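Below is one structure, written out as C-alpha cells; comments come after it.
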Amino acid sequence: MAGALRYADAHPRILIRGFAPAQDLEATARELQSWGAQGMYGVLEYDDVNRLFGSLKRPLPLVNSALSGERRGVVTVIGDFSAFVETAVGHLRQLGLRSLAILVLEEGPHARENLIPTFLRLAKPRNPAKSNLVFPTDRAFLWNPEASVEPVPRRLAQWLKELPKPTGVLCCHLGGGGYIIRCCRALGLRVPEDVAVIGSDDTDLSLASEPTLTTVLLSLETVGFEAMRLLMDMIAGRLPPASTVRLRCADLQVRESTGARRPEICDIAGALECIQQQACRGITVQEVIRQTQRVSRVTFHKRFYETIGKTPAQAIRERQLQEVRRLLTGTELPVAMISDVCGFSSPKVLARLFRSAEGTTLRAYRKRR
C-alpha cells in the first residue's frame, strides 16, 4: 500500500479506494463495479483471481503481487529470486565460510527448475550435489516460532550435520530461517559459529528467533510503486512488458544469525530509524529494544526520553498518527483500512487517539483539509 500511495501522491488525478479481503468475491466484484473502478491492484492467489474475474460483468486490468497462473488482463509483479541469492551469497562470502547451501521447504517444479538451479549458478558451491536439500514442511509449523522441532527429521538432521563447517544456509520460505535455527539448536549446532543462517522471514518472525535472523526481504514499497505504474499503463491501453515482471529489489537486514553484534551503548539513532520504518507495522517498544539495543529497558527509556523529550511509546504513536494524517488528506481510503495500514488494533482505538491528539474527528479533519 505504501508504494502504491507514493505513486498516487505524485499523480493527483489517481483516486484509490481500498477493498478489504472478502470471502465473498462475488460481492467484492459487485462493489468494485458499482464504485466505477477502472483497474485493480491486489495480492490474490490463483483460485481467487479466477473467482474474481468470473464474477466481473466486464473485465478490469489487474496487477497482482502473488504468483498465479497466466491470464489475459493480469500482470504479476514479484521479486526476482536471483536478487535474493546474490544478496545472501555476497553477505555470506564476506564471513569466509567453508561451504554454502540452500534448504527448499516445498516440493514442485518451481523448486527444481528455478530455486535450486539459480542457487547453483550464482553460489557455485564446491559440492553441488550436497549443497541443496528439498524437504517439504508444513507451513503452519514454520509460521509458529515456538513450535518444537524435536526430534529433528532424520534426513534434515543428517544434511545439516554433514555440511562442511562453518557453513552458510539460505532459505527463501516464510518461517524457514527460524525453522533452521531451531533445528540447529536442537542438534547442538551453534548459530552462527557452525551454521550461519539467512532467511526471508518477516520482522516479527526474525526477531522471535534466538539468535535473531538475518534476512533478505523484497522491498514491498518498490513492488507497490511499480505495480501502480504498470496498472496505469494498462488502464491507458498500453501493453505491459510481460505477463510476469520480476523486480530486483532485495534489502539485507543483518542480525545475529550471521554474527551481527548489537551495540553495548544505548543506540538512540537506531531506535528512531526502527520506529520510522516499522511503527505502522505495529511494532512495540519491546521489539524496538530487542532489535536495536543491548541495554536494559529502564536505561533505554531514560536515555531515549533525555535525548528526544518523549517516551518510545509516544514516538511510535506520533509516527503512526503522522501517516494517518497523510492518508486522510491524500487518499479516499476508508478509515478501517487506514487504521489497519497504520498499525492500530481497531478503528475505534484510532478514532479515540486521533481525537485526543487533534481535538477533532477523523471525518472532520479529512473534510476540513
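The values are calculated or read from the model by the stated rules, or taken from the named source; none is laboratory data. The structure presented is a predicted model; accordingly, all values stated were derived computationally and were not measured. Reconstructed Cβ throughout: ideal geometry from the backbone, glycine too, with neighbour counts over all protein chains shown. All accessible areas refer to the heavy atoms of the entire protein, side chains included, with ligands and DNA or RNA removed. Shrake-Rupley method; radii C 1.70, N 1.55, O 1.52, S 1.80 Å.
For the chain, give the share of DSSP beta bridges that are antiparallel, in percent and rounded to the nearest 5; count only bridges with both residues there.
Values: 4 of 27 bridges.
Here the share of antiparallel DSSP bridges comes out near 15 percent.
Just to verify a number: FRET efficiency for Lys367 and Leu252, C-beta to C-beta distance, R0 = 41 Å, to 0.05? Using R0 = 41 Å, I get an efficiency of 0.40. Using alpha carbons only, how many angstrom separate the centre of the stretch 309-369 from the centre of the stretch 212-246? Result: 28 Å between the Cα centres.
Multiply the residue separation of Ser148 and Ser82 by 0.36 nm, subtract the distance between their alpha-carbon atoms, and state the gained length in nm to one decimal. Present the calculation step by step, with values, prior to reporting the outcome.
On the way: separation 66, 0.36 × 66 = 23.76 nm, distance 3.15 nm.
Length difference between fully extended and current span is 20.6 nm.
Note: relative contact order over the chain, using C-alpha pairs below 8 Å and six or more positions apart, is 17 percent. By a 1.4 Å probe calculation restricted to protein chains, Asp24 has an accessible surface near 70 Å², given to the nearest 10.
Let a ≥ b ≥ c be the square roots of the eigenvalues of the Cα gyration tensor of the stretch 193-328; is it rounded (a/c under 1.5), or, if not, prolate (a/b larger than b/c) or oblate? All intermediate terms of the calculation are to be shown ahead of the outcome.
Values: a/c = 3.60, a/b = 1.49, b/c = 2.42.
Cα axes put the stretch 193-328 in the oblate bin.
One entry in (i) 1.00; (ii) 1.07; (iii) 0.96 is Rg/Rh (Cα atoms, Kirkwood Rh) calculated from the shown coordinates; its label is (i).
A Förster radius of 22 Å combined with the Cβ-Cβ distance from Glu306 to Glu358 puts the calculated FRET efficiency at roughly 0.20.
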